[in-house]
1. Quick check on packing: order 163-176, 137-150 by the mean number of other C-beta atoms within 10 Å, highest mean leading.
2. Among Met231, Met162, what is the fewest-to-most ranking by other Cβ atoms within 10 Å?
3. Charges only on Cβ, +1 for Lys and Arg, -1 for Asp and Glu: so what's the dipole of the stretch 195-284 about the Cα centre, in debye to the nearest 20?
4. First select every other residue whose beta carbon is under 13 angstrom from the beta carbon of Pro279; then total the charges, Lys and Arg +1, Asp and Glu -1.
5. State the dimensionless ratio Rg/Rh of the chain (Rg: radius of gyration of Cα atoms; Rh: Kirkwood radius).
6. How much of the DSSP beta bridge set in the chain is antiparallel, as a percent to the nearest 5?
7. Can you put Lys49, Lys304, Lys58 in order of Cβ neighbours within 10 angstrom, beginning with the fewest?
8. Per-residue counts of other Cβ atoms within 10 Å, averaged by peptide: what ranking do you get for 279-289, 75-85, highest first?
Amino acid sequence: MAEQPLLSVENLTVQFRGDAGWVNAVEGVDFAVGAGECLGIVGESGSGKSVSALSILKLHSPANTRYASGAIRYGDRDLLTLPQRRLRQVRGGEIAMIFQDPMSSLNPVLTIADQIMEPLRQHQGLSVQAARRKAIELLDMVRISDASRRIDDYPHRLSGGMRQRVMIAIAVACRPRLLIADEPTTALDVTIQSQILELLRELQREIGMSVILITHDLGVVAEFAQRVVVMYAGRVVETASVPALFERPMHPYTEGLIRAVPNLDEDVHRLTTIPGSIPDPSMSITGCRFSPRCREAVQSCLEKPPSLVDAGAGHLARCPPRIAAGGIS
């Protein structure tokens, strides 16, 4: 990664309003993405991946969200303190997002043309005619056939894969410096997933943008990302280059995620599961948040929250016993 990251999230704590008061959804989160890099953020549902991603552009409901600590550095700006007018210029223009569900993220009462043209007119000041021409070019770029006709369709006339391509066209319309892709292959079949990932890879090269890829699928991360952040119960538990993570996972949770990926080279396709589930954010856990599910937990894991420890070469993990033992036990 470049010495000066394109974007860095520093000690981010996000709280949501609950029945019993404010609850930490993510706590003390740190990660950075460099120019032209793809960073994967992985974890089970409820781990804090999407909360962290949506916080970059402050897309949570203001009435029920509090940014209790931290900063999100983008150049010389902190996006958490940026005035709304300036933040709107960044959204879609410099940092764009592909949301998790293409079925519901597109406006059902607006044509595809209307939805692709909006960021072009808002951020680039194009006329209606110029924006429409550009929108057709974008549909061609994301490989939607017969783009000049399809552009006047409504979302319900498109398949799931085509709707996802439209979402990508909207996101890259203004050639952003950073694209946040939140579960971009959810609910798509394996063949379409592969096509979408290949399309994102080609667009990343063509535009030169950075990508933050949010996913629960480590197979996708292995194929697409250079570095990976593993999150659990609202905290980063491990971060490393993709090769280092797969060769020597330093946190039991990471190892569990890797073992849960089907291995097609084996004769018996038996999936390994992680017992238990992610704790409710309102639960108070004195030590390591993964300890109730961890077969390697020792007394020190139960007594105090572990810090991220450097295992070497920028490989950080929140598991001092395993790091001291040199990795997989």
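1. Packing order, densest peptide first, comes out as 163-176, 137-150.
2. Values: Met231 25, Met162 21.
In increasing order of surrounding Cβ atoms, one gets Met162, Met231.
3. Working: 7 positive and 12 negative charges, 64 e Å.
Roughly 300 debye for the stretch 195-284.
4. 0
5. Numbers: Rg = 20.7 Å, Rh = 21.0 Å.
Using Cα coordinates only, the ratio equals 0.98.
6. Values: 29 of 48 bridges.
Given both bridge residues lie in the chain, the antiparallel proportion sits at roughly 60 percent.
7. The order, fewest Cβ neighbours first, is Lys304, Lys58, Lys49.
8. Working: 279-289: 15.1, 75-85: 12.2.
Going from most to least packed, we get 279-289, 75-85.
Every number here is computed from the coordinates shown, using simple stated rules; none is lab data. The structure displayed is predicted, hence computed values, not measured ones. All Cβ positions, glycine included, derive from the backbone under ideal geometry; neighbour counts span all protein chains shown.
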